[in-house]
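Take a look at the structure set out below.
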């Protein structure tokens, strides 16, 4: 599904140039659950942003579903993104002014799904995430675990092929954290590819494979058995 | 402590440079505009106040309605003051001014000799030495007591003395008027302040007037003024004077029948400039309506600017909740925080005010040009300006600073630091209200400007019943005497000249002559048709392009035409006769005269379009005051030099004075043009200030919603969706403003249009255009920020956790 080759990303300030990704090459197959680990500043989030087409690489190739996307325009990337990729963030990133239902509905609006179809699909996914009873609440009225369920619901409502999760349990206690990992595992078992950035060895054990980064390069790969 | 406040204030302002600049700029422009308007209004309100007894001086004004003619007249009769003298203890002094127009001489021209040439002067009036008892006109040479007492004496102003003699001590010198009479100068007065309802350069002694020009009862035109004793009962005095007027009128009974009336009004001197709309005033007055309009605009612009300032200040201050938390944790009492925020706000207001004063000073010459004023910063103006500016600084500074000062400082530090306090943009009902308020004012002003321009355009293009294009008016042919007739004939021969006519009465000129005309010789005042009565020649109608409806034009071949008249349709309507052609009309002036109606002409506008066309009559008589020349040429320059050559051949020592009729016409509406220009300038300023605020608020909103925009982009929103989302919030407010402003503007401008007898209506597209303009301007302002926000990389906004 994903093949990156010799990917490079630099951050420049007036004085220094920092290498975030250094000739990184990775391949991820459809249906995999991959965890990316490494110390702070190793380039995990940068990699995730590039994989999610939120950011451009400076050098190298990124083939997504057999399409080279490394130098796509913003419009093309956005289009590819909204139909194929769902995001889960550490800080949930729900919109405070919208209800649970409206938050989850948002990606469907942007992909042009008709209103009646949207209601059906949002209710379906809220049900699945066991958060239906909270559909008319605002994010601030929910616990952290509930908020992350809403965020995952939002990430999957469009039935993406790939879910990118950036420390999905980082803001949660262990019980809620485990729930979220179970949810992601279920999704993966139903065929969704998942790439997750995490600091937690515990969470990483849910994945099939751990890619460890250091200074923008993949140093170790662990295959989970 | 205060140093700490100032330091924090300074650094905080510096940190948010953009906001600070917008804030200071908006307030400065608003305050500067408001200052200019204040200068204008103060100037308008200061008319005639240079008179020490200004509050006790009144002008006797007459209001009359007779046979459908209703009007208010600034002039009353010559014998009136004598009749009052000694009979009314409440009258301390009285005086009169007789302008040339009240002398019924034609042409009404005064030419004074300077060296070998004659200079034509307009600011000439006849007066008595008692003028100095009533008005405050300090003398620089001579004595008031010895001035204007003898026939053929004159008092002139300082600058006139310099103009004719190059010095001011000229008592005893003489001036020659119209080549015939010699006037001895008995006094030189200081120039009359510009803020005066009369502005004369020459005061000629009343006793110089020939017997034939001193009129009795029944002929108004002399301007009579009274200096009243303090506490005089004005109502009672008006009633008493009315009794005298009616007693001496032609037909006392006429005033009480058929809806006719006569009223005497003692118009306070201080009301003459702005509140008196009487006819035949000594100078064109101002209008209290425009003073009100500009005052309102000034206040509105100041409000817009203040609202801006408050809006931006409060928007920005909500970002500082965290600072409040930290300061409180570190032990700051609430009152210190209040003081800190207020200091900051007052500091910015102070800086803005200083810039505003400087801006106003820079713009004053431009504004003077626009408003035709001579406003200046003087020590006197500073005496009221400085205290009021201090009040403004404190009030605006306090209001703008009060939200952060009192609201933010009340937060519990722990809530703020945990981020529990909503610091978002939404829920800013007050802010939305203020934006609506600003845009309502802007839209109101746009509609106002469009209506004014539409009306001016309508006036410009309206068919006037005469053809004002390609007509040259030579205005001082009076100096040629009988040779004017020769010039007329010679000009007619020039190639490029279609026709010429001799008369100082032109549809666009100033010379007017009202007279009473009667259907029979009984001169029954109840049947009076008050009409303009213009001496013209047989080429007049052709040259002016006035159409004949019935009958015929004057003809040099018909000797009886000297008693013939051509009347307009308005005259026919008022005259009442079914078929007025060939009927006789009587006039009583230096004996009874009989005229014969030989023609009826189409109505033409000879007064401002504010007035309906009233009766006008042409009479076949010589008036050599001006020659109008209808031309048809592609080489005006050549024709003009030929015309000047002809003039010089006849009168080598006189300068020719001429203008084109369409320019004269436009000059009639100069005050409306001026109002239009001022209006459009203020409107532009108001909108600019509102947009500055909107720009700031949009930037702020985009900043506040940065994270939301990021999330939406990640979820698939494209740039246009983000832009429209950000813009819609504000555009909605602009639409609400349109709904609020439109009816108010419609009502106000409808009222303004009532001033014109001939007016356009407020079309729907004016409202649509105003609304559309506001929406487009607002959208452009906002999209600048929205596009910037929408193009941001979402990674940036989502990273910070």
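Numbers for the structure displayed
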item: One residue from A:82, A:76, A:3, A:44 being modelled with pLDDT under 90, under 17 Å from the mean Cα position of the chain (by Cα) and more than 10 Å from chain B (Cβ to nearest Cβ); result: A:44
item: Test: residue in region B:229-238 that is within 33 Å of the chain's Cα centre (by Cα) and closer than 22 Å to residue B:195 by Cβ; result: no
item: Residue count, region B:574-586 (criterion: surrounded by 11 or more Cβ atoms within 10 Å (Cβ to Cβ) and under 23 Å from residue B:612 (Cβ atoms)); result: 6
item: Residues of region B:648-676 that turn out to be assigned to a helix (DSSP H, G or I) and within 25 Å of residue B:369 (Cβ to Cβ), as a count; result: 14
item: Candidate set from region B:637-652 (those that are in contact (Cβ under 8 Å) with a residue 24 or more places away in the chain and under 13 Å from residue B:477 (Cα atoms)); member that is surrounded by the fewest Cβ atoms within 10 Å (Cβ to Cβ); result: B:650
item: Residue in region A:71-83 that is in contact (Cβ under 8 Å) with a residue 12 or more places away in the chain, buried (at least 18 other Cβ atoms within 10 Å of the Cβ) and closer than 27 Å to residue A:200 by Cβ present; result: yes
item: Count of residues meeting criterion [in a helix (DSSP H, G or I) and either within 14 Å of another protein chain (Cβ to nearest Cβ) or more than 24 Å from residue B:692 (Cα to Cα) (or both)] in region B:744-801; result: 21
item: For residue B:541: the one exception among (1) assigned to a helix (DSSP H, G or I); (2) surrounded by fewer than 20 Cβ atoms within 10 Å (Cβ to Cβ); result: (2)
item: The listed residue being over 18 Å from residue A:45 (Cα atoms) and touching a residue at least 60 places away in the same chain (Cβ under 8 Å), out of A:188, A:176; result: A:188
item: Any chance residue B:86 is in contact with a strand residue (DSSP E or B) (Cβ under 6 Å, 6 or more places away or on another chain) and closer than 30 Å to residue B:239 by Cβ; result: no
item: Residue check, residue B:658 under 30 Å from residue B:510 (Cβ atoms) and either within 14 Å of another protein chain (Cβ to nearest Cβ) or more than 25 Å from the chain's Cα centre (by Cα) (or both); result: yes
item: Residue B:27 vs. criteria part of a helix (DSSP H, G or I) and under 13 Å from residue B:309 (Cβ atoms); result: yes
item: Residue within region B:488-497 that is closer than 23 Å to residue B:616 by Cβ and not in a loop (DSSP other than H, G, I, E, B) present; result: yes
item: Failed condition for residue B:458, given (1) surrounded by 15 or more Cβ atoms within 10 Å (Cβ to Cβ); (2) assigned by TED's automatic domain parsing to the domain that holds residue B:587; result: (2)
item: The one condition in (1) in contact (Cβ under 8 Å) with a residue 24 or more places away in the chain; (2) away from chain A (no Cβ under 14 Å) that residue B:634 fails to fulfil; result: (1)
item: Residue match in region B:689-703 (condition: more than 30 Å from residue B:796 (Cβ to Cβ) and either out of contact with any strand residue (DSSP E or B) (no Cβ under 9 Å at 6 or more places or on another chain) or within 14 Å of another protein chain (Cβ to nearest Cβ) (or both)); result: yes
item: So residue A:108, is it facing chain B (nearest Cβ under 10 Å), touching a residue at least 60 places away in the same chain (Cβ under 8 Å), in contact with a helix residue (DSSP H, G or I) (Cβ under 6 Å, 6 or more places away or on another chain) and within 20 Å of residue B:725 (Cβ to Cβ); result: no
item: Only listed residue being surrounded by 21 or more Cβ atoms within 10 Å (Cβ to Cβ), assigned to a loop (DSSP other than H, G, I, E, B) and touching a strand residue (DSSP E or B) at 6+ places or on another chain (Cβ under 8 Å), chosen from A:160, A:168; result: A:168
item: All positions within region B:708-728 that are farther than 16 Å from residue A:79 by Cα and more than 8 Å from every other protein chain (Cβ to nearest Cβ); result: B:709, B:723, B:724, B:725, B:726, B:727, B:728
item: Residue B:299 vs. criteria assigned to a helix (DSSP H, G or I), surrounded by fewer than 19 Cβ atoms within 10 Å (Cβ to Cβ) and in contact with a helix residue (DSSP H, G or I) (Cβ under 8 Å, 6 or more places away or on another chain); result: yes
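Listed here are the residues, each with its yes/no results for (1) touching a strand residue (DSSP E or B) at 6+ places or on another chain (Cβ under 8 Å); (2) free of Cβ contacts under 8 Å to residues at least 60 places away in the same chain.
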{"position": "B:43", "(1), (2)": "no, no"}
{"position": "B:75", "(1), (2)": "yes, no"}
{"position": "B:100", "(1), (2)": "yes, yes"}
{"position": "B:130", "(1), (2)": "yes, yes"}
{"position": "B:145", "(1), (2)": "no, yes"}
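The values are calculated or read from the model by the stated rules, or taken from the named source; none is laboratory data. Quick caveat: nothing in here was measured; it's all calculated off a predicted structure. Ideal geometry is used to build each Cβ from the backbone, glycine not excepted, and the neighbour counts take in all protein chains shown.
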